[in-house]
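Working notes for the structure below.
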Amino acid sequence: IDFNDAVIKDKTSEYSLHVGGNNTLALGILVTDKDDRIEIDAGRLSFAVRKKGFNFIDGLAVGRQRVIPAGHRASPYTIDHNGIQHSAMLDPNAKVEVEYASQHRVVIRASGSHLSKEGRPLSRFIVRITAFQGLPYLHVSHTFIIAEDTSKVRYRDIALPIPIEGKTIAGDEQGRKI
């Protein structure tokens, strides 16, 4: 059994399972695992994740409203102390897979390296994107893994950009739009 519930401090929840009656089961989440992408339809939310050229979320809609465009070039990245950008999109060996799927929840896991245009790695990443059936939002976990000697390399920027239809929204360490 897999379901969502709110946890409230100092409250006890009681659950019971009843079989039969006139209950109608929800259709659940539709996961389509293609050669080049994974497509998710979670009811109120649908999106895709590219397997090659990982760009975080490659198109997302809430209901009929397109929120993130497909085919965008934004991707998780780092910038080193020399100003060189290293992007997850440039890793030809990045792995994108369905880590967990049930009727109520799906987890997409992407892992790989942030590479420069010349193919030099700077750091690694693990991104987990979790969708819940019937909910209009995602849970995202972005794990950034330092893979270089920090006495020789410093990080100027670490980002998981989200291109909202028509613009990319980013913020500095104080949360101000940049």
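Values in this text are rule-based calculations from the coordinates and carry no lab data. As the structure is a computational prediction, the values presented were derived from the model and not from experiment.
Computed values, structure above
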read-out: Separation of alpha-carbon centers, the stretch 35-94 and the stretch 117-137, rounded to whole Å; value: 8
read-out: Cα convex hull of the stretch 95-169, projected area averaged across orientations, nm²; value: 6.8
read-out: Built amide H within the under 5 Å cut-off of GLY134, gap 5+; value: GLY43, ARG44, LEU45
